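Asks: Pasting a structure below so you can have a look.
The values are calculated or read from the model by the stated rules, or taken from the named source; none is laboratory data. What you are looking at is a predicted structure, and each value in this text was computed from that prediction instead of being measured. FYI the Cβ positions are ideal-geometry reconstructions off the backbone, even for glycines, and counts take in every protein chain you see. To get the accessible areas, we keep the full protein, side chains included, count just its heavy atoms, and leave off ligands, DNA and RNA. Shrake-Rupley method; radii C 1.70, N 1.55, O 1.52, S 1.80 Å.
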Amino acid sequence: MAQDLDAALREALMAVEAEWQDEAILACERALKLDPDCAEAVFLLGLVYFDMNEAQKAIETIETAHRMNPQRREIAEALAAVMVRVGKVNEALYYAKLATTLEPHPSIDHLLPEKFGTFFKNMDHGDPNIYTVRARRSLDRGNVQDSIEYARRQLELTPNNTEALSIMLEACLTAGKYEASVGAARELLELKDPDPKDLAFLGCALAALGHTTEADTYHAEALRRAPDDAAMHSRILSEQVRRPGQPADRLTAAHADWNRRHAGKLERREIDPSIRQDPERILRVGYLSGSFHGSEFAELFEPVLHAHKLGHMETYCYHEGLHSDTTTESLMRSASKWTNITRIDDETVWEIMRGDEIDIAVDLSGHFAGGRPLVFARHPAPVTVSWLGYPYPLGLPGIDYFVSDESLSPKTPGTKADQDDGIWRLPRAPFAYIAQTSIPDVSELPASASKRLTYGANCDFSLLTPELIRIWTGILTADDSASLILCNGRDLDGASIQRVLNLFAIFGLRERVALVNRSENFATEFEFYHHIDIALDTGSCASLVENSRALWMGVPVIGITGEHPATRQSLSMLEAAGHPEWAVGTPEALAELAAKLSSDLGALAARRAALRDEIKTSKLGNPVDLARALEAAYRDMWRKRCAVS
């Protein structure tokens, strides 16, 4: 038996040295079956955990091995090596001294592999914040779940680590774990006077949970403490733009406040009027975004950029952010020139764009993540434009035009031309959507089999306000047999889900509402719509791509038109799809529309079968037509600029 045990330990040791973690675990388990009290097998398991970046679990396991056999030198040496690597120098020194008094394993040489080093070799690599660094790096690269996990591990090692808590606050907010984000913020508030940016993140998390009054209080305090922090202020502003129900006058005032605080300090730098004034030459258009990677924004932008290759213009792309993937590579291939501006200051980015002699600079992010509004405040090109990525006019002195259409931005009385009010209205919707991957076939109408209608929405639950749920309950109460499925598109925490359920319970409709998790139930974003007869629009700018997916799956989308561009995208989308009648003005009209569509299941089934083909030939499904419309608009903007010069 002793020989078998040694053989199992040697096999485990070999696997540890080769970093074959699964094989090492199996070999350790075999050794423990032979001898449940084998401290060496437990010790080797601890080394595997350390290789797997589970430092706290590794320390606890090796400490267990030490208690099982306090006389084994290699176990004490391992504790010294591992503890000093995570910054526990005093504990490590104790075990290093202890190891000098103990005996090595009698029959297995080098039971502690050399790669783990000794206490003294690891002193130079010791870092009490080993996981904090990884958490921040992961968050910067868009790997949010990894960031949360590394922050969790750091907090296991150093429970009151304020930097790890700050990262946890931001990462959980980004991931939609709003309750966890608020929890991290509350701990942070107890440990120190918080940084203004942490207060801003806390406000965003509270707003997502529906606590808007408290959110506004924290936002105001953050701005009081850091009135000149433009990036933090942009984060606050982006939350307000996404927040359902925000009136236009409040959003306009909030943008004006940002401009006064930050852009007002900069002088607009005019372009030399003698440079390249030919109104008909090939134009050089520069697109700047923080979302040139796999994202809903890229689903809208990528086909347009590809279509530009056939147009009479050169496209320069300026990429902000560490997150890159296959979508980034595809965009790079379509651009005439690609420049990564990550962590380059605004003044230098302005100089780069001026050096590239950009004719028309297009802001694609606004105040959203990765946006560079202070670059555009400096006016980096003769013509500057805001389009697609940010749903509300920036009001920035450095932006000449907000690209929109008549549905998103109706003309005000007295406006003489499409662009006289700073809004450049295209003759079609300023966006298009075509599925970039193979999508499932359109399914049969679910109600044809069930004989009852199923409504649905796939969204971030933070968009589901009490007012919106009240409107939706009006649809459900008009049809006693109808049900509603809400698809959780993000890995939300329990508080976000329970908040929604409680709101439906107030109206006595909890039992008719089902909540499902997309990642657990559907292989793609489109499969949810196999189960839906009619989709409900949330009225948020965040719903544009999701609503377009519904239409491509043959599912009508119905909603209420808002008062400003951020809440009118469904109207513009539906007009581009050929169905403006599915966007109405009041909750009563929405309930009537739902009743009309559901009253004839045969007609609804026929509509479902035909809708995808309709979308393919519509303005919504034609990004090439959008590219040509943009190019025509850019040309007119340029001609106007040359005429002024």
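Asks: Restricting to the stretch 30-60, name every residue that is touching a residue at least 24 places away in the same chain (Cβ under 8 Å) and open to solvent by 40 Å² or more (accessible area, probe 1.4 Å).
Replies: Selection gives 34, 35, 37, 51, 52, 53, 54.
Asks: Right, here's the next one. Being of a type outside the set (Ser, Thr, Tyr), under 30 Å from residue 621 (Cα atoms), in contact (Cβ under 8 Å) with a residue 40 or more places away in the chain and open to solvent by 20 Å² or more (accessible area, probe 1.4 Å) narrows it down to one residue among 314, 239, 296; which is it?
Replies: Numbers: 314 fails: in contact (Cβ under 8 Å) with a residue 40 or more places away in the chain; 239 fails: in contact (Cβ under 8 Å) with a residue 40 or more places away in the chain.
Of 314, 239, 296, the one residue that is of a type outside the set (Ser, Thr, Tyr), under 30 Å from residue 621 (Cα atoms), in contact (Cβ under 8 Å) with a residue 40 or more places away in the chain and open to solvent by 20 Å² or more (accessible area, probe 1.4 Å) is 296.
Asks: Kindly evaluate residue 188 against the criterion of being under 21 Å from residue 160 (Cα atoms) and open to solvent by less than 50 Å² (accessible area, probe 1.4 Å).
Replies: Details: under 21 Å from residue 160 (Cα atoms): yes; open to solvent by less than 50 Å² (accessible area, probe 1.4 Å): yes.
Yes: the conditions hold for residue 188.
Asks: Still on this model: Among the residues of the stretch 159-185 satisfying the criterion of being in a helix (DSSP H, G or I) and open to solvent by 40 Å² or more (accessible area, probe 1.4 Å), which is nearest to residue 494 (Cα to Cα)? Can you show your working first?
Replies: Let us first name the residues in the stretch 159-185 that are in a helix (DSSP H, G or I), namely 162-175, 178-185.
Still in the running and open to solvent by 40 Å² or more (accessible area, probe 1.4 Å): 162-163, 174, 179-180.
Numbers: 162: 24, 163: 25, 174: 16, 179: 8, 180: 9 Å.
Filtering first and then ranking leaves 179.
Asks: Somewhere in the stretch 72-86, is a residue open to solvent by 50 Å² or more (accessible area, probe 1.4 Å) and of a type in the set (A, V, I, L, M, F, W, C)? Steps first, answer last, please.
Replies: First, pick out the residues of the stretch 72-86 that are open to solvent by 50 Å² or more (accessible area, probe 1.4 Å): 73, 77, 85.
After this cut, where a residue has to be of a type in the set (A, V, I, L, M, F, W, C) as well, the list is none.
No.
Asks: So in the stretch 90-110, with the set limited to residues that are of a type in the set (Asp, Glu) and not in a loop (DSSP other than H, G, I, E, B), which one is nearest to residue 38 (Cα to Cα)?
Replies: Initial filter on the stretch 90-110 (of a type in the set (Asp, Glu)): 91, 103, 109.
Now drop any that are not not in a loop (DSSP other than H, G, I, E, B), which leaves 91, 103.
Numbers: 91: 24, 103: 16 Å.
Within the stretch 90-110, the match that is nearest to residue 38 (Cα to Cα) is 103.
Asks: Additional query: Could you tell me which of the residues 422, 456 is open to solvent by less than 50 Å² (accessible area, probe 1.4 Å) and farther than 21 Å from residue 368 by Cβ? First the steps, then the outcome.
Replies: Details: 422 fails: farther than 21 Å from residue 368 by Cβ.
Matching residue, one of 422, 456: 456.
Asks: Another one. Specify the residue that is most open to solvent (accessible area, probe 1.4 Å); the eligible residues are those in the stretch 573-604 that are of a type in the set (Gly, Ala, Ser) and within 30 Å of residue 303 (Cβ to Cβ). Walk me through how you get there before you give the answer.
Replies: So in the stretch 573-604, the residues of a type in the set (Gly, Ala, Ser) come out as 576-578, 583, 585, 589, 591, 594-595, 598-599, 602-603.
When the remaining residues are screened for being within 30 Å of residue 303 (Cβ to Cβ), the result is 576-578, 583.
On the way: 576: 11, 577: 6, 578: 48, 583: 18 Å².
Looking at residues that are of a type in the set (Gly, Ala, Ser) and within 30 Å of residue 303 (Cβ to Cβ), I get 578.
To keep it simple, each residue is scored yes or no on (1) open to solvent by less than 40 Å² (accessible area, probe 1.4 Å); (2) outside any loop (DSSP other than H, G, I, E, B).
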{"site": "403", "(1), (2)": "yes, yes"}
{"site": "409", "(1), (2)": "yes, no"}
{"site": "412", "(1), (2)": "no, no"}
{"site": "443", "(1), (2)": "yes, no"}
{"site": "452", "(1), (2)": "no, no"}
{"site": "473", "(1), (2)": "yes, yes"}
{"site": "487", "(1), (2)": "yes, yes"}
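Asks: Out of all the residues in the stretch 30-41, which are within 16 Å of residue 17 (Cα to Cα) and among the hydrophobic types (A, V, I, L, M, F, W, C)?
Replies: Let us first name the residues in the stretch 30-41 that are within 16 Å of residue 17 (Cα to Cα), namely 40-41.
41 - this is the single residue of the stretch 30-41 that is within 16 Å of residue 17 (Cα to Cα) and among the hydrophobic types (A, V, I, L, M, F, W, C).
Asks: Please count how many residues of the stretch 323-338 are surrounded by 16 or more Cβ atoms within 10 Å (Cβ to Cβ) and touching a Ser or Thr at 6+ places or on another chain (Cβ under 8 Å).
Replies: Number of matching residues: 3.
Asks: A further question follows. If I ask for residues that are over 25 Å from residue 496 (Cβ atoms), free of Cβ contacts under 8 Å to residues at least 60 places away in the same chain and assigned to a helix (DSSP H, G or I), which ones from the stretch 197-231 would you list?
Replies: 223, 224, 225, 231
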